[in-house]
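Laboratory data are not the source of any read-out in this text; all were calculated from the coordinates shown. For clarity, every value in this text was computed on a predicted model and none was experimentally measured. Every residue, glycine as well, gets a Cβ built from its backbone with ideal geometry; the counts of neighbours run over all protein chains shown.
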């Protein structure tokens, strides 16, 4: 039985870790442009348009129905949607710390040593970056940890309910449901099949209902984002493995990650094996998805609590005489030494592009795209539309009809089968410029929303130059014919002193009545 002084010590340590985590989040202070996609769906739902990005167009361009419903609930109470999204994400990230401690305890870590798990979470920069980014990352990570901890603690209704919530928080949440259902089935006593079916019904019922809603409302079995972001094939898996390798190089190191998995699978503890299998399956799913185009590894940090719990269990296990007596000290010692080596002599952070991309989006792009959206809201005529990448802040603040040139909210582009998929910028590979031009949006915002210190020369072709090969790859087919030059004219407007937005505007004679 844990003594009260130890309880106070652990509680104090958790409070200290939460305080340090909050400072860490404040240091990053990041808002993702993709967060505004969810905000727009929530805003349209509140306005009576339904779960749509553009009123009248039923396309499922989001990945977290639970997150959007939560935001809509806060919006119905009169709260600002962006502030609500950031506050809710921060709350979920804070709650994930004691939850990860609970999971480490269920994995067998001793009370003081189990604090290693929330400490690893609190000091992880990518976790802090995404905590208040306005997206569902922290919610999903917390649900993963809580569902596994509840399952190991024997909580029937709790684990089923948390698994159900995870399936609605992210598509990968189905892994939580399947892994925990299989675990329950393996450990069920003879004649307990009805109990397993009941658990599966509770855990999977909400997702089944949403699947039926998706088929009825959107006409699809899978979200549109699946078609827009996946290319399938070995090239995509290679890109996903590279994404995970970059995360390892910037964070724990491949040796530590692999060593922990081996340690947990070799131990004859069902709890450790369950957490290790779940963690590995999440990472395999990330590789299968081809990684992510956003900075700071949001996919890789979602299952981070599982890794943190395993790390605490490893340290705790190594100090137990029972482990030494069992003849497994060599394995444990090798893993611990490997962990120390990974932290001190492992490959240095080599994927600095993730941090620089985060900085540029935080300091330059989000303020710029917000200002652009606000300008269109104040200046565009009624019925105007925009074709743009990225679509988040520009769409949310402009409130205009928006054509996503990457296909997240467009069925036609999302379902295109282009050559070379899986080798480019994750989530930015699908495009159809001529299709966009035929739809005649009022404005074309190219070059990742081009803002310069001076207006560009309208006589040049293309009007907006391309220095980034990834952006050119997705927009070059706009120039496959003379259509863009026949129908559109270059224009520059001043957003602020020293900031000019350059874009193409549809000529008056081509505008639909």
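What shape does region 200-285 take by its C-alpha gyration tensor, where a ≥ b ≥ c are the square roots of the eigenvalues and a/c under 1.5 counts as rounded, a/b above b/c as prolate, and the rest as oblate?
Numbers: a/c = 3.64, a/b = 1.45, b/c = 2.52.
Oblate, because a/c is 1.5 or more while a/b does not exceed b/c.
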Problem - Cα-based convex hull volume of region 362-510 per residue, rounded to whole Å³ - result: 116
Fill in the blank from the handout: Taking the square root of 5λ for each eigenvalue of the C-alpha gyration tensor of the chain, the equivalent ellipsoid has semi-axes, largest first and in whole angstrom, of 44, 24, 21
Practice task
Could I have the simple spin-label model distance between residue 258 and residue 77, label points 7 Å from Cα toward Cβ, reported in nm to one decimal?
Solution key: 4.8
Problem - Beta bridge orientation in the chain: antiparallel %, DSSP, nearest 5 - result: 65
Completion exercise
Once both label points are put 7 Å beyond Cα along the C-beta direction, the residue 49-residue 7 separation in nm becomes 5.2
Practice task
Kindly express, to the nearest 10 degrees and within the range 0 to 90, the angle between helix 4-28's C-alpha long axis and the longest C-alpha principal axis of the chain.
Solution key: 20
Fill in the blank from the handout: Here the alpha-carbon Rg of region 93-134 over 2.2 N^0.38 Å rounds to 1.20
Practice task
Tell me what the chain gives for mean residue ellipticity at 222 nm when only DSSP H runs of n ≥ 4 count, each as -39,500 (n - 2.57), the sum divided by the residue total, rounded to 500 deg cm²/dmol.
Solution key: -19000 deg cm²/dmol
Handout entry: C-alpha long axis of helix 65-76 to longest principal axis of the chain, angle in °
Key = 70
Fill in the blank from the handout: Taking 356, 398 and counting other beta carbon atoms within 10 angstrom, the fewest-first order is 356, 398
Completion exercise
Once both label points are put 7 Å beyond Cα along the C-beta direction, the residue 418-residue 215 separation in nm becomes 3.2
Completion exercise
Expressed in angstrom and rounded, the centroid-to-centroid distance over alpha carbons for region 140-194 and region 196-257 is 17
Practice task
Quick one: check the C-alpha center-to-center distance for region 442-466 versus region 23-47, whole angstrom.
Solution key: 27
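Stokes-Einstein diffusion coefficient for region 1-77 at 4 °C in a medium of 1.567 mPa s, Rh from the Kirkwood formula over Cα pairs: what value in µm²/s?
Details: Rh = 15.6 Å.
Here the translational diffusion coefficient equals 83 µm²/s.
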Fill in the blank from the handout: Computed over the chain: longest principal axis from alpha-carbon atoms vs helix 329-345 long axis, angle to nearest 10 degrees, is 40
Exercise for the section: Rounded to whole Å and sorted largest first, list the principal axis extents of the Cα atoms in region 120-195. Expected result: 47, 24, 16
